[in-house]
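Accompanying notes for the structure given below.
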Amino acid sequence: SLFARMDEVEGKVKAYLTQTRETALAKAKAVDEKIARGEEISFLEGIPGAIKDNICTKGTKTTCASKMLENFVPPYDATVMEKLQAQNPTILGKTNMDEFAMGGSTENSAFYPTHNPWNIDCVPGGSSGGSAAAVGAGTAIWALGSDTGGSIRQPASFCGVVGMKPTYGRVSRYGLVAFASSLDQIGPVTRDVTDCAHLMNIISGYDKRDSTSINAEVPDYTKSLVKDVKGLKIGLPKEYFVEGMDEDVEKAVRAAIKQFEDLGAEVVEVSMPHTKYAVSAYYLIAPAEASSNLARYDGVSYGARVEGTDIVDMYKKTRSEKFGEEVQRRIMLGTYALSAGYYDAYYLQALKVRTLVKQDFDKAFEKVDVLITPTAPTPAYKIGDMISDPMKMYLQDICTIPVNLAGVPGISLPCGFSNSGMPIGLQIIGKPLGEETLIRAAYTFE
Ligand code: GLN
């Protein structure tokens, strides 16, 4: 069973921060009895899944992998949790992540790193590394992650699973601990595209408690589980096939594109000239929003407090002892970019670049239905290889970040393996609210 699998591999993979095994077992038993009685069960009923630890779960710790929230137990459920609970799934626990979702390897967790189930010397990607590793290791059937600049898609690609970042506003952010509110989206991490469609049906939809939620009808995404890409127009943005991209990745993605052509899709090259500025703009906008969002951790209203000689001293000690290095780096970057005298040169400039990046997508989508790119320039790398060089780490996000800046949906799905046997991910990017086309294209390919 899944619990036997958990006992076998979780000690090595360390995908979870909190396990809720007892309630999960009780739930599984109740569902078994229901089945034995011949009662009907819903689609997700009793199916075991895991939740990234920045999604609020009523009565279960939600730490964001931070010492700041080490003992925080939310008194309420995130909207996605309410929607899931209505389907009565089994929740196995909360998954590890980079602290406050800042990072791309799960090495920034304040507690311990997660290991890639394909090779435990490698990172699982991040920041939703625990969710991707759990699904990849078979210690969860499905999981939820969050994606601000690639944090669902990149770990999905590193762990050989499917991950989707929906259109900004498609899934409610209510109860997702905010990192960069204009970029954050919750999405599914699953073993295949079918499960992705089912989870999208459950978690999508308008929520008046999220002011940026889109008030549009939710289609039945399972209707897009159709094997047909005939006539689908696919754009290949040449700027995404970057220099320094891993050879195996390039080969696998090119082979995938050939497969789409063989299946009847039309492939054309497109140019998205502002791609090269996207990473710089993101690393100003995301930290700027983070510096504002994380101001609430002041030792008073939320989380941890370290006593000081007076309130200012308490505030300083709490924030310097309870936030990790990367979080402090982002807060400083963001505060600087927003400060008087630098605001115009940095933050405002970054917002202008964001608009140009968005316009690149608008223009491309006048000609094509979807875009195909690698999800990440490399497969999973060794733990410790990248963490001492933040700039190198940031540049890894080149293929995923523009999608968040533009607010459009993106899915990563497995498309092969590197020579060293690590999974490689293919990214399909869609128009705003174009999830159905993404699911159809991904399902046809898979
Ligand atoms: N790697 C990116 C960052 O560090 C993206 C993180 C995310 O999507 N949460 O900000």
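In table form, for the structure just shown:
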read-out	value
Amide H partners (placed H, <5 Å) of TYR168, local residues excluded	VAL408
5 angstrom amide H check on GLY93, placed H, neighbours 5+ away	THR20, ILE51
Highest-MSF residue in the chain out of ILE91, ILE387, ILE429 [GNM, Cα springs under 10 Å]	ILE387
Cross-link reach list, lysines versus LYS431, counting only Cα pairs under 23 Å and skipping chain neighbours closer than eight places	LYS165, LYS223, LYS227, LYS230, LYS233, LYS238, LYS258, LYS276, LYS352, LYS358, LYS363, LYS367
Longest site-free stretch - the chain; sites: trypsin sites (Lys or Arg not before Pro), DSSP loop, at most 15 other Cβ within 10 Å	231-446
Percent of beta bridges antiparallel (DSSP, the chain, rounded to nearest 5)	65 percent
Span from the segment 296-350 Cα centroid across to the segment 172-216 one, whole angstrom	28 Å
Loop GluC sites (Glu not before Pro), segment 181-279 (other Cβ atoms within 10 Å of the site Cβ: 12 or fewer; DSSP)	GLU217, GLU243
Centroid-to-centroid separation of segment 70-145 and segment 389-413 [C-alpha atoms, Å]	19 Å
Most fluctuating residue given options GLY421, GLY407, GLY46, as computed from a GNM of the chain linking Cα atoms under 10 Å	GLY421
Extension gain (nm, one decimal) between GLU243 and ASN119, 0.36 nm per residue minus Cα-Cα	42.0 nm
For segment 164-169, 3J(HN,Hα) per residue [Karplus equation, 6.51 cos²θ - 1.76 cosθ + 1.60, θ = phi - 60°, Hz, x = Gly/Pro]	10, 9, x, 3, 4, x
Length gained when the stretch LYS352-SER339 is fully extended (0.36 nm per residue, less Cα-Cα span)	2.9 nm
At R0 = 25 Å, FRET efficiency that the Cβ-Cβ distance of ALA216 and ASP192 yields, to 0.05	0.45
Choice from VAL408, VAL218, VAL312 with maximal GNM fluctuation in the chain (Cα, 10 Å cutoff)	VAL312
Which of GLY425, ALA86, SER301, positive extreme of dipole for the chain (C-beta unit charges)	SER301
Under-5 Å amide H pairs with GLU266, H placed in peptide plane, nonlocal only	GLY231, LEU232, LYS233, ILE234
Modelled FRET efficiency - R0 22 Å, LYS29 with ASN71, Cβ distances, 0.05 increments	0.15
For segment 318-333, 3J(HN,Hα) per residue [Karplus equation, 6.51 cos²θ - 1.76 cosθ + 1.60, θ = phi - 60°, Hz, x = Gly/Pro]	4, 6, 7, 8, 9, 8, x, 4, 5, 5, 5, 4, 5, 4, 5, 4
Zone residues, segment 369-387, relative to GLU446, backbone N less than 20 Å from point 7 Å out along Cα-to-Cβ	370-376
Karplus-derived 3J(HN,Hα), 6.51/-1.76/1.60, for each residue of segment 149-163, Hz, glycine and proline x	x, x, 5, 9, 5, 5, x, 4, 5, 5, 9, x, 10, 9, x
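Laboratory data are not the source of any read-out in this text; all were calculated from the coordinates shown. What you are looking at is a predicted structure, and each value in this text was computed from that prediction instead of being measured. Note that we place each Cβ from the backbone using ideal geometry, even for glycine, and neighbour counts take in every protein chain shown.
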